[in-house]
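A.B. asks: Just passing along the structure, written as structure tokens.
The values are calculated or read from the model by the stated rules, or taken from the named source; none is laboratory data. On a predicted model such as this, the values are computed, not experimentally measured, just so you know. A quick note on method: Cβ atoms are made from the backbone with ideal geometry, for glycine too, and the neighbour counts reach across all protein chains shown.
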Amino acid sequence: MSRQALGEAEENLARRFEEIERRDREINSFIELNPHAQEEARRAEKLGGRLAGMTVAVKSNINVRGLRATCASKTLENYVAPYDAVVVERLRREGAVILGMTNMDEFACGSSGESSYFGPTENPSAKGRIPGGSSSGSAAAVAAGFADAALGSDTGGSIRNPASHCGVVGVKPTYGLVPRHGLIDLAMSLDQIGPIARDVRTAALLLEVIAGSSREASMLDVEPQPYSQRLSADLSGIKVGFAKEYEEVTSPEILGVVKRALRRLEAQGAELVEVELPNLEKALPTYYLIVFVEFFSATRRYDGRRYGYRIEEVCGEEVLRRIMLGSYISQKEYAGRYYRRALQFRSLIRRELLQALEEVDVLAGPTTPKLPHRLGERLTPLEMYAYDLLTVPANLAGIPAGVVPAGRVNGIPVGLQVQAKPLQEQVMLNVMLAAEGRA
């Protein structure tokens, strides 16, 4: 069929598939493409909707009916999703076309995009470097122009970390704002599905489509909000907090980019306020102790009897490490010493963040404390976990956090992270829009 005979949705899809065919062999952002995408594009033409014809890639731990939800693991390499996750239903209802399933760190265990059974993902915005994880393929697909937008999941920075490294926009919503039904858990008390896009307006539009309570998975009884329609870059009267603790843990070159972005916000009417987060560095061990226990519990279903393989027999090094540590911490004699203590610190960190946000409208600062390393470079587990130092507090507290490109260091993208009070996504998105400079 000639391009002239195609509708807009089909033409957009054809362009994306051509780019994927031409360039994704080296980037490796997709595990599987949707063989029914063209039919969906035709239906989207007739259906219309807020996302009519928009191509959306989906992380491979979110169920899309008829496609494999592998979690980038041999454990589930042949698992075909029997239903659509609630977020996927909502995308389709508004005319989006599901492009395919994206690569990721195995079972979302990683911060680099290198631990996938299907091979590592390349950063299209910084060649030879990691794209960040665990939503590596989703961020890379958007950055490479393979998709208009993507869905990722964020347990401790898994949307924001790759968004920063790849130079795109990523949003982790308030915990419970977006239904999790159809998401394969890493840590159920922390996981949240969110959008990745090239710009804030598209991310806001996707968020308004996927957010809001549902019959299947109601957590917060909230109505969807028209985020994209209420976007404003006017920061008059907005207070932006910056914690001095960020400076103690972040590399100077990243701080330079972030501080220039803050000055741009100030020039647009924002008031910069210094705040304190004295327990910031306690967030990382607190987060990982909780993740190890919850992930161990979630993996007990992968016993090889009902579907897939027994996870311990086929999984990668990082997944096995987390299972073993989770098993150890979960034992009765250790639970009180480690896990309950971590829950106490989680409450402390949440309280501290919310107190800081009482003084300001948003917190803004770096997303990761260091630049992405080169693909294949060996890091210790602790060095890898350190990527999450500045992102995990938002998950522990359940607050919304988003990332917008702030600049570059030697050609490598650096993202500005913006955090807000629970359910204050609109304020957060407005500050991100102002930082983006496309208003």
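A.B. asks: Can you find, within segment 335-358, the residue that is farthest from F292 (Cα to Cα) among those that are surrounded by 13 or more Cβ atoms within 10 Å (Cβ to Cβ) and over 26 Å from the mean Cα position of the chain (by Cα)?
C.D. replies: R341
A.B. asks: Inspect all residues belonging to segment 420-435 and state whether any of them is hydrophobic (A, V, I, L, M, F, W, C), touching a residue at least 60 places away in the same chain (Cβ under 8 Å) and in a strand (DSSP E or B).
C.D. replies: Yes, because at least one residue in segment 420-435 is hydrophobic (A, V, I, L, M, F, W, C), touching a residue at least 60 places away in the same chain (Cβ under 8 Å) and in a strand (DSSP E or B).
A.B. asks: Out of all the residues in segment 291-318, which are in a loop (DSSP other than H, G, I, E, B) and surrounded by fewer than 16 Cβ atoms within 10 Å (Cβ to Cβ)?
C.D. replies: Those that are in a loop (DSSP other than H, G, I, E, B) and surrounded by fewer than 16 Cβ atoms within 10 Å (Cβ to Cβ): G304, R305, R306, Y307.
A.B. asks: Tell me which residues, restricted to segment 218-245, are more than 26 Å from V360 (Cβ to Cβ) and surrounded by 16 or more Cβ atoms within 10 Å (Cβ to Cβ).
C.D. replies: Within segment 218-245, just M219 meets the criteria.
A.B. asks: Here's something else I'd like to know. What are the residues in segment 246-288 that are within 18 Å of L382 (Cβ to Cβ) and either of a type in the set (G, A, S) or surrounded by 14 or more Cβ atoms within 10 Å (Cβ to Cβ) (or both), if any?
C.D. replies: Correct list: V249, T250, S251, L280, K282, A283, L284, P285, T286, Y287, Y288.
A.B. asks: Quick one: which residue in L343, L348, L363, L284 is in a strand (DSSP E or B), of a type outside the set (G, A, S) and under 29 Å from P422 (Cα atoms)?
C.D. replies: L363
A.B. asks: Just to verify a result, which residue in segment 413-439, among those that are of a type in the set (V, I, T) and crowded, with 20+ Cβ neighbours inside 10 Å, is farthest from Y227 (Cα to Cα)?
C.D. replies: Across segment 413-439, the extreme among qualifying residues is V414.
A.B. asks: Can you give me the ranges of the strands (runs of 3 or more DSSP E) entirely in segment 101-215 with at least 1 residues that are more than 23 Å from I412 (Cβ to Cβ), within 14 Å of the chain's Cα centre (by Cα) and touching a residue at least 60 places away in the same chain (Cβ under 8 Å)?
C.D. replies: So the answer is 149-154, 192-197.
A.B. asks: Now, a different point. Being within 17 Å of V142 (Cα to Cα) and not hydroxyl-bearing (S, T, Y) is the filter here; which residues of segment 38-61 pass it?
C.D. replies: L51, G53, M54, V56, A57, V58, K59, listed by residue number.
A.B. asks: Any idea which residue in segment 60-76 is surrounded by the most Cβ atoms within 10 Å (Cβ to Cβ), counting only those that are free of Cβ contacts under 8 Å to residues at least 60 places away in the same chain and more than 17 Å from I196 (Cβ to Cβ)?
C.D. replies: T70
A.B. asks: Considering segment 300-338 alone, what residues qualify as being out of contact with any strand residue (DSSP E or B) (no Cβ under 9 Å at 6 or more places or on another chain), over 19 Å from S111 (Cβ atoms) and in contact (Cβ under 8 Å) with a residue 60 or more places away in the chain?
C.D. replies: Y307, G308, Y309, V314
A.B. asks: Just to be sure I understand the filter: pairs with C-beta atoms under 6 Å, separated by 6 or more residues or on different chains, first member in segment 3-17 and of a type in the set (D, E), second member modelled with pLDDT of 90 or more and outside any helix (DSSP H, G or I). Which pairs pass?
C.D. replies: Qualifying pairs under 6 Å: E8/G53.
A.B. asks: Could you grab me the full set of residues in segment 177-188 that are within 18 Å of E89 (Cβ to Cβ) and either out of contact with any Cys (no Cβ under 6 Å at 6 or more places or on another chain) or of a type in the set (G, A, S) (or both)?
C.D. replies: L177, V178, P179, R180, H181, G182, L183, listed by residue number.
A.B. asks: Only one of these is charged (D, E, K, R), more than 28 Å from G133 (Cβ to Cβ) and either at pLDDT 95 or above or touching a helix residue (DSSP H, G or I) at 6+ places or on another chain (Cβ under 8 Å) (or both): R68, R42, R23. Name it.
C.D. replies: When all the criteria are applied, what remains is R42.
A.B. asks: Test V80 against the criterion of being over 28 Å from A204 (Cβ atoms) and either at pLDDT 95 or above or aromatic (F, W, Y) (or both), and give yes or no.
C.D. replies: yes
A.B. asks: Looking only at segment 16-54, filter to residues that are assigned to a strand (DSSP E or B) and not aliphatic (A, V, I, L, M); which one of those is nearest to G113 (Cα to Cα)?
C.D. replies: For segment 16-54, the residue satisfying everything is F30.
A.B. asks: Output the residues belonging to segment 367-404 that are within 18 Å of A139 (Cα to Cα), out of contact with any strand residue (DSSP E or B) (no Cβ under 6 Å at 6 or more places or on another chain) and surrounded by 24 or more Cβ atoms within 10 Å (Cβ to Cβ).
C.D. replies: T368, Y387, D388, T391
A.B. asks: Continuing with this model, one more query. Within segment 6-59, take every residue that is closer than 28 Å to E122 by Cβ and of a type in the set (G, A, S) and give me the one that is surrounded by the fewest Cβ atoms within 10 Å (Cβ to Cβ).
C.D. replies: Going through the qualifying residues, I end up with A14.
A.B. asks: Could you check, for segment 242-260, whether at least one of its residues is in a loop (DSSP other than H, G, I, E, B), among the β-branched types (V, I, T) and touching a strand residue (DSSP E or B) at 6+ places or on another chain (Cβ under 6 Å)?
C.D. replies: The answer is yes; a qualifying residue exists.
A.B. asks: Hey, another quick one. Residues being among the aliphatic types (A, V, I, L, M) and touching a helix residue (DSSP H, G or I) at 6+ places or on another chain (Cβ under 7 Å): count how many of those fall in segment 409-430.
C.D. replies: The qualifying residues number 6.
A.B. asks: G95 versus (1) farther than 22 Å from V293 by Cα; (2) surrounded by fewer than 24 Cβ atoms within 10 Å (Cβ to Cβ); (3) out of contact with any Leu (no Cβ under 8 Å at 6 or more places or on another chain): which is the lone unmet condition?
C.D. replies: Status for G95: all satisfied but (3).
A.B. asks: Confirm whether R3 is modelled with pLDDT of 95 or more and either exposed (fewer than 15 other Cβ atoms within 10 Å of the Cβ) or more than 30 Å from S115 (Cα to Cα) (or both).
C.D. replies: Here the answer is no, as R3 does not meet what is asked.
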